[in-house]
Every structure is written in C-alpha cells, then in structure tokens.
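Structure first, then comments.
Values quoted throughout were computed directly from the atomic coordinates according to the rules given, and no laboratory measurement underlies them. Given the structure is predicted, the values throughout are model-derived calculations rather than measurements. Methodologically, a virtual Cβ is constructed for each residue, glycine included, from the backbone with ideal geometry; neighbour enumeration extends over all protein chains shown.
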Amino acid sequence: MNILSLITFLPLAGALLVLALPKEKERTVQIVSLVFSGLSLVLSGALFFLFNRQTADMQFVERLPWIPSIGVQYFMGVDGLSYPLILLTTLLTFVSLIASLNIKNRIKEYFFWFLILEVGMLGVFASLDLVLFYVFWEITLVPMYFLIGIWGGPKKEYAAIKFFLYTLTGSVFMLLGILAVYFKSSPHTFDLLILLQPHANWERNFQILIFLAFYLGFAVKIPAFPFHTWLPLAHVEAPTAVSVVLAAVLLKMGVYGIMRVSYGMLPLGFHWFLPFLVVIAVINIIYGALCAMAQDDMKKMVAYSSINHMGYCLLGIAGLTATGFSGAVLEMVNHGLITGALFLLVGVIYDRAHTRDIKAFGGLAAKLPVYAGLMSLACFASLGLPGLAGFWGELLCFVGAFPRWKVYTGVSVIGLLVTTAFFLRMLEKVFLGPFNEKWKDLADVDARELCALLPLVVLTIYLGIYPKPALDLINATVGHMAGLFK
Amino acid sequence: MQNLGLLAPEIALSLLGLGLMLADLLIPGKSSKLLYHFAWFAAAAALALIARGLSVSGGLPLPVVGGLWVVDPMSQFFKLAVLLSVIMTVMLCLEYGQLPPAQAGTFCALLIFSAVGMMLLVSATDLLLVFVALELISVSSFVLAGFERRNHKSNEGAIKYFLFGAFSSAIMIYGISLYYGAMGTTRLIDPQSAGLWLPALQAKGPAFTLAMLFILLGFGFKAAMAPMHFWVPDAYEGAPLPVTAFLSVAPKIATIGVLARVYMVLVPAAGLGFTTLLALLAMLTMTVGNTVAIFQDNVKRLLAYSSIAQAGYILIGIVAANALGLEGVLIYSLVYVAMNLGAFAVVQAVGDDGARGGMGSYELAAFDGLSRRSLALALLMTVFLLSLAGLPPLAGFIGKFYLFAAALSAGRSASGGVSPAVFYGLAVVGVLNSVVSVYYYMKIAYHMFFLPAHSGKGERLPSKDGGPSPAAAPVLHAGPYLYGCLAVAAAAVLYFGIYPDPLIANVKLSVPNLP
C-alpha cells in the first residue's frame, strides 16, 4: 500500500477500531485514537525526508481504477502545494486529540468522529481525481456537524446545521462544475493532472461559469466575504479542539482548492475573476480585522482574525507570482500553527474561568506567567511580528501581490495595523492592568495543554527564525505554477 | 408457447402466492410466522429464477412474448429490485407486532400478488397489460395499507389511498381508450415487427398526445409525483410500518420502471413535446416533497414526503432521456430500495418498541437520545439518511451523481424545441433540493444524537423528579430479522457507495439492449 493511502486511511482504521470498542473503555479509546493519528503523523513526517524538493511533479503517486465504467480513478499524489498542508493536518489533528483528552462525555463518539474528520481532510489534500476530491471534501462535513452539535456551546445545534448547509450549498455547485468539466474534456476524464494541462480550447464563457461554480464551493470554506457568516458562529460554538482543526485545516481546503483546481484548470475564468478576487481579499483583510476589533469574546476575535488571514492568502494568490503563491502556502501553514495555538489558549482560559470575555479579566500576567507568555507569543506571531512565523507568510503575500495590485496591497496594510491593534488591546485587557481578584484561584497551563501547545509554539518560533525548510518544500511547485500562464 | 419459460418467475410466484392462501387455512394462528418464512422463500425463489435466466442469456436481449410484454435486462433489473424489497419487507413483518397473526397468510399473499403485479408492469409493452398490472398492485396495496383494522389512521389512509387510486385508474383508462382510438391497438410496440413504431407515432395528432398525457398522469399518481401526491402522507402514515416501507419503494420503482420504458424508449417524451412538462414535474416533485418534509414531526410522514422528493430525483434521469439517464434511473432505483428500506427498518425498531410497552412512537420525539439507547441503530440511520441526501461515499451519492450527470449531458446535446436551460435548471434545482433535504434528514440526526432520551409520548420528564437520566435510558433492542434487514441495506448502501463499479458495469450492460 502506498504511503499516502496509509497516511490517509490509518485514522479510518483507528475510527473503526474505536467504534468496535465498548464505550466504557474510555482510556483505550483515547489511546487508540492517539496511536492511529500519531502513526499518520509519523508517516507524513517521514515524507519530509523523502520528499524531492527539486521537482514540481506529483510524488508518491498511487493510481488505481476505482469506477472504470465512468473513468473515476483512485489517484493520490502530493507536490509542494499539498504536502505542507498534509503535514499541517496530521500535526494539528494529533495536537487537537491531545487537547481533547479533557472531553468528559461521549468519548467514544467524539474520537470516532474526529478520526473520520482527519480522513476527509487528508484525502482532500492528497487526491488528484476530481470525484475522489469531492468525496473527501464532503466526508469532512458530517463529522464536523456532530462535533460541533454534540460537544459545542449553547447555540451548538444552530451552528452545526448552519455550517453543514452553508458548506453543502457551496459544494453541490462544485459537483455540477466537476460534471461539466468532465463532459467538456475529451476524452471525458476526472483526472486532475490531465485537466490541469493548458487547454485553450475551452471557451471563455464556459470557464467563467465553471469557475464560479467551483469558487462557490471554495469561497464558503475559506470563508471569503460575503460567505463568511457561518464561521464566527461555528467557531464560537465548537469545542476547543474542533475550533483548532476548523481554523487550522478546514479553511485551508478552500484556498487549496482555488490554487489547485481553479487556477490551473480554468485560467481564463480565473483571470476574469482576478479583479474581484483581489477586492474580496482586501475586504477579507480589512473587514475581518475590523470585526475582530469589535469583539469582546476572545474566541470570536480569533475567528474573525482567521477571516483576515485568509484574506492575505487570497491577496498572495491574486498576485500571480511565485512569491505570492509561496506566500499563500506559507501563510496557510503559519496560520494553521498560530491560530491553532490561539484557539488552544482561548480554550485554556475558558476551561478555567468559563468566560471568554476580554473585559472580565485583567492583570492575569502576574498570576499565569506561562500562559501569558504563550498567549503573547501567539498573538505577536499572528499579527506578523518579524522573527515569528506569521511574518514571512504575510510579507511574501504582500511582496507577491504588489507588482500587480499596488493600490490594493497598500490598502491592505491598514489590515495589518488593525490586526496589531486588536491583539494588543486583548493582551492589555487580559494580562495587564489591575488584577481582578475574582480570578485568584486560576491555575496556570497544565501538562496536557502544554503538550498540545509546545509543538505549535516551537514551530512558530523555528519557522520565524528560519523559514527555509518550509519554503524549500513549496518553491519548485509554486515556481512551476507561476510559470504556467505567462 | 415456446417462450412461456420466460414467464417462469411470475408463474412460480403466483402459484406460491396461491399456495400461501391455502397454507393459511392449514397452519394454526400461533405458528403464523411460518407463513412469513414461506413468503420470503417464495420471493427468493422467483429472484433465483430471474438471476438464472439472466446468467443464461448473458445480458443479451430476450425475446418478446407475443408483443404483450418483453423480457429484457432492464425489466429483469427492476424485478430483482422489487423482489429484494419484498424479501426485506417480509423480514420487517417478522418483527412487527401490530399485524393480526390470524391473517398472516392473507397478508403475505397480498404482498406476493402485488409483487407479481410489479413484475408484470415493468415488462409490459401493452397498455392493457400495464393497466391490469397496475390494478393488481393497487388493489393489493389498498388492503395492505388498511391492515391494522383497529387503527383509525390505517383505515383512513387506506380509504384515501383507494379513492385516489380509483381516480387515477379512471384517468389512466381514459388515456388508454384515447390511445386505442388514435392507434387502433393498445400495443406500445409494432405488433408486426415487434419493434418500435416511432415513425408512425409522429403523425398521430392531438388525440394521441392527449392519450399519452393522461397515461402520464396516471403513472404520476402511482409514483406520487407532485401535484398528484396528496394521498401519500396519509396512506403512509396509517399503514402498518412494513407496508409503508414496502409502498414507499416497490410500487414506486416499478412505476418508474414502466415510466422509463414508455417515455424514454417506446414513445419518447421528447417526440411528444413532453420534455419541459416532465422537467417541471420533476422540479415540482422534488421541491414540494423536500419543502413539506421540513415541517413534519412524524417520522413516517417525514419519510413519506422524502420519498416523494426521491421520485423527483429519479425523474431527472427520465427527462434527460439519454443512456446516462436510463442508467441513472436503474442505479438510483436499486440504491433507493436499500436506503429507504434501511431507514424504515430503524423507524420500526424505534416505533414498534412502544407497542411492547417501551417508549416508542413514530413521532420525532421518539428518536430523542437514540444514540445512547443504541449507537448502532443511530449510526445506521445516519448512514441511510445521508445516503438519501446524496452524500458520498454512500450509494445515494452515486445515484445522484449519475442523474445530475445525465441532466448536464442532455443539456450539452439539447436540440430541437427544448432549450438546454431546461436541463441545466433541472440539475441546479436538483442539487439545491439535496441541500434542503439535508436539513430535515439531519433533524432526525439531531434528535438521535443531540437530545437526551426521555420517557416517551413526547413529554420530557424533568430530571429532578427522578426522571431517567441519559445514562439510564433503556437500551433499545431489535429482533434478529430486523437486524438482518438492516445489515443487507447497510451493506448495499456502503458497498455500492464505496465500490459502485460492479453495479454500474451491469447496468451499462443492460441498457443498450432495449427493444
């Protein structure tokens, strides 16, 4: 069995095993989940050393007939665009599972759905056949629905169904797009690599229409303005670990889809949409940041900051340069690490204080030094302080977009300022100022939380000081992509 | 007489049905379960005969029996699906507590006879045979729907079903008489050459078109297309649950089968100018079924409306009228049998529980906390519902994928008077309806997974009064036959969802060989 299939389906094996265990054996369920997700992480980590950084071709390819009657293949492979995201997925899922060890009720179901979710996410990044891609894309919906709906906050049911219906509405149009592309190609195929060959013979109007169909599916997931309204709700209601995965991985599926599918397959449609895309990117950046500024709920603030950060990715893509593309990919990875950490940290304080209201705290830095340090680090990384990971992604996005979109890039810088402002405001209100005596019994970060946080924090610092290992993975592929439609 | 052998499955099943009625007289009431076993055995025997016939012919076209009817892979495919649903229904009946044991033989015989009707229907190429087959199905079904004599809803549903059925039969027979007037025969194929007489159909004028319209309406009633669906919710809600399950799949796919044969192959709807009409019917059926289902809080009614919507999806394939469409119709029909019967099996497990003094009913509230009473049942129900909604990697997705593909493909090659927008619009309405359907399917999941279990009849006991806490919710057990039925359905839904190639390849083989 190919290593990519193994990475993707190990969590499924874990999920089935969990399902077979009696629900009283909670410790076993947790161990099994961690082991299978951990194996997946180890294998995807091993790819780091096997990955050929010099080529833009697909690697570790596995190709089997799946439904030969209609030309659907089981076709997996990774390149510099998808591999970093796979690594991100396995790492963040493992971290989230550690963070989930404090889930108290219905443990078996929780870990079952979480592992199924991991299968879907990994499959999306690894699949190179449009039908397979769609199947994995949809697989992520159901576990997410249950994870938010059962273990979430007060409005969890509403958040869960809103998430489900929103994303599904987008993706059914993607399905029509996939079918239309199939009938357009000759010979009919769902093979993404063949479809990504330049084919100027698809007329422009067709490409525009199909681009929009795909874009609807991706934009909801990103979420790009104006399809973002499900996100703050889902984030606020979801349990901590689910928020982590939602922000760190699921949002990336949308950006990945645009870069992988829309850009290469529908160049004319993509170019037609480019002016709109850059405007949407700027709106995401500024509007997301301003919304975050207005929040008193820390989780909601981080959720809106995700909308803002996805705007940077879109801006980088809209630049159509290798720099912009690598910025977008790097920003996806960095945002995954940093926002994952931020959601974990918000979860830490919420578990103890049962509130996330910024104004309810004050002077916590003296009481919770480790927590304050980690939170400050994550915030600074998120607002793009040089020396931490967030900086490089944002810088490359801006540099990549600037030659083509000077004004828009300039305007976007406002977003950076607002981001800085709301993170500093939050840090000030929560950690500085007079100590609120109500919280004198708060305990600092415990071992479980530290275990979950440390990998993210260490990587954030490491990639901030030395981003080359990440960029090396990405460079060959984005260089190839940027050269496609000169 | 030499091709009488082709009728062997139908003859055998009819004889076994008669045998059931005889056996009813001989077997005492307390061993009435034997009759159910006899019934599923009969259906399985017919199934085996058809399968054997198919393997002998190797998928080649089989001869026509005197122009009245035809035995081809498509008809055999629908017969297999019908018999499969009969077997699964009987399995459900074995576990169902509300059927009077004294009439088990009658019940089984009626079930078998209606199955014979469906088998004749999907093979028919003569309108009179179509009519007789439909009546055989309907009359048996009326009685089956009213089988719970002491249940007022059952009586009401049966009466409504009967009245609507009689009405639709009248429309249909009127259409057939017009057809006879226009064509001088009730045959749908040329009796001389036993082939299509398409050229002759072109010049037949308004009477002929009107005839085909009335016949279409007649089918519409039987397949519960909107706006001819009003009998469905009451009949389905009142009927004994296994009967509801049966009615929601078998007669529906049999009617779809004959509809596909008549309006896609023998008298193509495009030639009659019916494409847009059919497309509108399909859109309306999907939309009405799905929209009204949102507001139901009785699961039987909810699934009744859902089954209306499902017929709407299948109609997409008939509107598309291409090879992909026909394949889609076949695939979706078989898949629909598995997923809908599976869903009804879980409903029975929950609902019939109340009959034994537990806490069941067919209200949505009876599903509260099912995941904690039986995680397996709740997960299986989720699988069936998601498959009905068309989410991958479940079989329902493959079916919908095919149907939408057929619509887009038809749009690309649209010619004549029909604008491609009709097909594209149909596909868009179809996918949007899938989204709507997720809302109410997930409403059941919401009750199963999100809410705590409670003491039944819709009243949630306050927990401080010592009401059952979620952990103390009584475990729900179902009988072995019900689990067997569930296992078959789940295996089909998962297998055809994950590895649909065998199904698709077989359907592809059978489609080009139509008369």
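If segment B:275-515 were replaced by its equivalent ellipsoid, with semi-axes equal to the square roots of 5 times the Cα gyration tensor eigenvalues, what would those be, largest first, whole Å? Don't skip to the answer; put the middle values down first.
Details: eigenvalues 288, 73, 30 Å².
Its equivalent ellipsoid spans semi-axes of 38, 19, 12 Å.
When the chain is fully extended, how far beyond the present Cα-Cα distance does A:ASP351 get from A:LEU50, taking 0.36 nm per residue of separation? Before the final figure, lay out each step's value.
Values: separation 301, 0.36 × 301 = 108.36 nm, distance 4.05 nm.
Roughly 104.3 nm would be gained on extension.
Residues of A:128-134, mean number of Cβ from any other protein chain within 10 Å of their own Cβ, rounded to a whole number?
1
How big is the shadow of the Cα convex hull of segment A:298-411, averaged over all directions, in nm²?
Projected area, direction-averaged: 7.3 nm².
Calculate for chain B the 222 nm mean residue ellipticity that helices alone would give, adding -39,500 (n - 2.57) per DSSP H run of length 4 or more and normalising by residue count, nearest 500 deg cm²/dmol.
Only helices count here, giving -23500 deg cm²/dmol.
I'd like the mean, over residues of B:435-448, of how many other protein chain beta carbons sit within 10 Å of each residue's own Cβ.
Numbers: counts 10, 3, 0, 9, 4, 0, 0, 9, 2, 0, 7, 7, 0, 0.
Whole-number average of other-chain Cβ neighbours for B:435-448 is 4.
Using the Kirkwood radius built from alpha carbon pairs, what does the Stokes-Einstein equation give as D for chain A at 37 °C and 0.692 mPa s, in µm² per second?
Here the translational diffusion coefficient equals 147 µm²/s.
Applying 1/(1 + (r/R0)^6) with R0 = 30 Å to the Cβ-Cβ distance of A:ILE461 and A:ILE31, what FRET efficiency is obtained, to the nearest 0.05?
0.50
Counting only residues 5 or more places away or on other chains, whose amide H sits under 5 Å from the amide H of B:GLU363 once H atoms are built in the peptide plane?
Here the answer is B:VAL299, since their amide H atoms fall under 5 Å of that of B:GLU363.
When only Cα pairs under 8 Å and 6 or more residues apart are kept, what is the percent relative contact order across segment A:272-486?
29
Could you work out the mean count of beta carbons from other protein chains within 10 Å of each residue's beta carbon in A:172-180?
If you average over the peptide's residues, the count of other-chain Cβ atoms is 6.
Taking one equal scatterer on every alpha-carbon of segment A:1-265, how large is log10 of I(q)/I(0) by Debye at q = 0.10, 0.12, 0.15 1/Å?
-0.50, -0.71, -1.09
Using only the alpha-carbon atoms, how far is helix B:299-320 inclined from the longest principal axis of chain B? Give it as 0 to 90 degrees, nearest 10.
Tilt of helix B:299-320: around 20 degrees.
Counting helices only, and only those DSSP H runs with n ≥ 4, report the 222 nm mean residue ellipticity of chain A as the sum of -39,500 (n - 2.57) divided by its residues, in deg cm²/dmol to the nearest 500.
After summing the helix terms and dividing by residue count, I get -23500 deg cm²/dmol.
For chain B, what is the relative contact order in percent, using Cα pairs closer than 8 Å and at least 6 residues apart in sequence? Please list the in-between numbers first.
Details: 909 pairs, mean separation 80.0, N = 515.
With pairs under 8 Å counted, the relative contact order is 16 percent.
Can you compute the FRET efficiency between A:LEU274 and A:ASN102 using 1/(1 + (r/R0)^6), with r the Cβ-Cβ distance and R0 = 56 Å? Round to the nearest 0.05.
With a Förster radius of 56 Å, E is 0.75.
Can you tell me the orientation of helix B:375-389 relative to chain B, as the angle in degrees between its alpha-carbon axis and the longest Cα principal axis, to the nearest 10?
30
Please compute the modelled spin-label separation between A:ARG204 and A:ASP57, points set 7 Å along Cα→Cβ, answer in nm with one decimal.
Here the modelled spin labels are 3.6 nm apart.
What number do you get for the protein assembly as shown when its Cα radius of gyration is normalised by 2.2 N^0.38 Å, N = residues?
In units of the globular-protein estimate, the protein assembly as shown measures up at 1.00.
What is the packing order of peptides A:369-376, B:25-32, taking the mean over residues of other C-beta atoms within 10 Å and listing the highest first?
Details: A:369-376: 19.0, B:25-32: 11.2.
Top of the packing list down: A:369-376, B:25-32.
When averaged across all projection directions, what area in nm² does the alpha-carbon convex hull of segment A:49-119 cover?
For segment A:49-119, the mean projected area of the Cα convex hull comes to 7.0 nm².
Multiply the residue gap between B:ALA102 and B:LYS30 by 0.36 nm, knock off their C-alpha separation, and tell me the result in nm, one decimal place. Intermediate results must be reported in sequence, preceding the final value.
Working: separation 72, 0.36 × 72 = 25.92 nm, distance 0.81 nm.
Once the chain is fully extended between B:ALA102 and B:LYS30, it gains 25.1 nm.
Volume per residue, Å³, of the convex hull around the alpha-carbon atoms of segment A:287-354?
So the per-residue hull volume is 56 Å³.
Got the relative contact order for chain A handy, in percent, Cα pairs under 8 Å and 6 or more residues apart?
So the answer I get is 16 percent.
Could you calculate the FRET efficiency of B:ASP190 with A:LEU21 from 1/(1 + (r/R0)^6), where r is the beta carbon distance between them and R0 is 51 Å, rounded to 0.05?
Working: r = 65 Å, r/R0 = 1.27.
For B:ASP190 and A:LEU21, the calculated efficiency is 0.20.
Treat each spin label as a single point 7 Å out from the Cα along the C-beta direction, and report the A:LEU64 to B:ALA323 distance in nm.
2.8
Just subtract the alpha-carbon distance of A:ASP441 and A:VAL411 from 0.36 nm times their residue separation and send over the number in nm, one decimal.
Gain on extension, A:ASP441 to A:VAL411, equals 6.3 nm.
Within 12 Å, Cβ to Cβ, of B:PHE219, how many net charges do the neighbouring residues add up to if Lys/Arg are +1 and Asp/Glu are -1?
With Lys, Arg at +1 and Asp, Glu at -1, the net is +3.
Show me B:405-414, A:34-43 ranked by packing, highest mean number of other Cβ atoms within 10 Å first.
Ranking the peptides B:405-414, A:34-43 by packing returns B:405-414, A:34-43.
Beyond 25 Å, what percent of the Cα pairs of segment A:272-486 remain?
39
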